[in-house]
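Read the figures in this text as sums done on the coordinates, not as results from a lab. The model shown is predicted, which means the values in this text are computed figures rather than measured ones. A quick note on method: Cβ atoms are made from the backbone with ideal geometry, for glycine too, and the neighbour counts reach across all protein chains shown.
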Amino acid sequence: MYAAQYEITLPADHDMRIIRERVAVGGHALDDRAGLGLKAYVIRERGVDGSPVNQYAPFYLWDDPGAMARFLVGGGGFQNIVRDFGRPSVRHWTGVACHAGPARGSVARAASRRLTALPADCDPDGTGLGLSALVEREAEDLRRLSRGAGVHSAALAVDPHHWQLVRFVLWADAAAPDEEATERYEVLHLSAPGLEELPEGRTW
């Protein structure tokens, strides 16, 4: 499992109805994309849920790295983003854990993201396993969180270049009740052709 996200930050006075219309018209294009677990078409609006910006920031969980490559550089869809907004940086993470929540059968209307930097000194006993222990604790926290009311799906992934964890949670409610979230989003559409093929629990 691979997680990916790009963030398109828009002017403060941007009419977000334009993005809403874009997703309403074209958001179903990946509803049957082979190799894709899910794509959450998420936005933040300036002044809503504490957001300082207007932003379009789709989040992906891919089952197949080849399908992800085709999407990004093989003419599989990302060219539309490049055409309309320029080429944004794409963050990507290797999957650590994924869980279905009790609201998996509901429509996901909100999402939360928490980015956590992994400290350089997380190996106090000098065994080299401090990082593993820290990530296992985070995976267990995700498992507990995923059992909460309103959780649709929850994922944890790691960026081993910048040593950063991302926790992404889809929620059935319009507001994401995640006290630790660093960002909260509205979900405009969820394409989930491979949702049931995503791993359940830790990926290793």
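Qualifying GluC sites (Glu not before Pro) in region 111-204, where qualification requires a DSSP coil assignment and no more than 14 other C-beta atoms within 10 Å, comprise 179, 180, 200.
Since only 50, 94, 148 are under comparison, the one whose Cα sits farthest along the positive direction of the charge dipole of the chain, derived from C-beta charges on Lys, Arg, Asp and Glu, is 50. Comparing 62, 182, 76 along the charge dipole axis of region 2-202, the residue lying farthest to the positive side is 76, per the Cβ-charge model. Take the Cβ atoms of residue 122 and residue 100, set R0 to 25 Å, and the FRET efficiency comes out at 0.30.
Taken about its Cα centre, the chain carries a charge dipole of about 480 debye when Lys and Arg each add +1 at the Cβ and Asp and Glu each add -1 at the Cβ.
Calculate, for residue 83 and residue 182, the FRET efficiency according to 1/(1 + (r/R0)^6) with r their C-beta to C-beta distance and R0 25 Å; round to the nearest 0.05. So, using R0 = 25 Å, E works out to roughly 0.25. Listing 6, 41, 185 from fewest to most neighbouring C-beta atoms within 10 Å gives 6, 41, 185.
Averaging sequence separations of C-alpha pairs under 8 Å and six or more residues apart, then dividing by the length of the chain, give the relative contact order as a whole percent. About 32 percent, as a whole number.
Which trypsin sites (Lys or Arg not before Pro) in region 123-180 pass both tests, a DSSP loop state and at most 16 other beta-carbon atoms within 10 Å? Before the final figure, lay out each step's value.
Numbers: sites: 137, 143, 144, 147, 167; in loops: 147.
Sparse-neighbourhood loop trypsin sites (Lys or Arg not before Pro): 147.
This ranking places 81, 43 by how few other beta-carbon atoms lie within 10 Å of each, fewest first, which gives 81, 43. Among 92, 152, a tally of other beta-carbon atoms within 10 Å of each Cβ gives an order, fewest to most, of 92, 152.
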